[in-house]
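Report on the structure given below.
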Amino acid sequence: MDAALLDALVRRHAFEYLDHLRHQHGDVLPYHVLRDGFRFQGERVPLLGPQGIFKPAVLSAMPLSLTTAPPHPGRAAPYDDELGDDGMIRYRYRGTDPSHRDNAGLRRAMACRVPLVYFYGIVQSKYLAQYPTFVVADDPDRLTFLLQVDQAEAVVAPGTEVGESVQARREYITRAVKVRLHQAAFRERVLTAYRRCCAMCRLRHAPLLDAAHIIADRLPQGLPLVSNGLSLCKLHHAAFDRHLVGVRPDGVVQVARSILDEEDGPMLRHGLQGMHGQAILLPRRVADHPNRQALEQRFEEFRASA
């Protein structure tokens, strides 16, 4: 089979398989299923490998994926990748030799305008996949490639010239990807700390759980730290955001008087009124417990609203 056709077919199968994995697992994908990959013409094709720039054996020249590894607790991430505010992702070379075969492979992918997968590690063994991702520039002085994410339809015509409208679209999509990656990383860290259950009602159905900010992320103090988050089901997240329930600095839930005085069905009685005076579930690690000053500030907002 012609090498260019084989390359295009493998990438298409990779994207289709990732669509299937997202349907099965959600946006956050476990490392082992990405490592195991899919089968193409009887051969196993992993989606990523131990190195950040990964080319499976079935491909002859250009990588299939790029990976930013998740940070280890107390240790920085091994690669100095950056999600910029300018609609670009900066991805470090493999090593310091611009002519290393992995760097040369990415440079060829840029010249041929072929799509890749960008895997972003949010916590250990959990990744978000962004595709199609394109290498759009090479900065040898900084040992860095510049990447942009595009919409799915872009995979149908690799090698097509890129006009201003495509560049603008990619910048917009890549900025949105940055927000999404940070939100997903915050959610995964918070839900992991709270053993994947609601801190108020103990619901364990993960699709119905959110990571709620104690101090809103639009504020300077609203950092994406586990200690500024609570794992809440969608009902209690909405009630928390609207000051229908609050959490005292000592971790005890308070329900607004208007809700306590209201008469309704079993959901109100058990889902909201029944939370009044109950202590929230706390993470096992003390470092992950809700920041007391943040709780005090948020509880004052609850009292003022009530």
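Is the C-alpha gyration tensor of the chain telling us rounded, prolate or oblate? Criteria: a/c under 1.5 is rounded; beyond that, a/b larger than b/c is prolate, otherwise oblate. Prolate, because a/c is 1.5 or more and a/b exceeds b/c.
Given bins 10 angstrom wide, list per bin the percent of all Cα-Cα distances in segment 11-73, short to long. Over segment 11-73, the share of Cα pairs per 10 Å bin runs 20, 55, 22, 3, 0 percent. The value given for segment 79-229 is a Kirkwood hydrodynamic radius of 17.3 Å, derived from the mean inverse Cα-Cα separation.
Taking the fewest neighbouring Cβ atoms within 10 Å as the starting point, the ordered list for VAL190, VAL252 is VAL252, VAL190. Using the Cβ of ALA104 as centre and a radius below 12 Å, the other residues enclosed give a net charge of +2, where K and R count +1 and D and E count -1. FRET efficiency for the pair SER99 and LEU208, taken as 1/(1 + (r/R0)^6) with r the Cβ-Cβ distance and R0 = 45 Å, rounds to 0.35. The SER60 and ARG180 beta-carbon pair, evaluated with R₀ = 22 Å, returns a calculated FRET efficiency of approximately 0.10.
Under a Gaussian network description of the chain, with springs only between Cα atoms under 10 Å, the residue in PRO30, PRO207, PRO98 that fluctuates furthest is PRO207.
Charge dipole of the chain (Cα centre as origin; +1 on each Lys and Arg Cβ, -1 on each Asp and Glu Cβ, all else neutral): 900 debye, rounded to the nearest 20.
Read-outs: derived from the displayed coordinates by stated rules, not from any lab. This is a predicted model, so every value here is computed, not measured. All Cβ positions, even for glycine, are placed from backbone atoms using ideal geometry, and neighbour counts span all protein chains on display.
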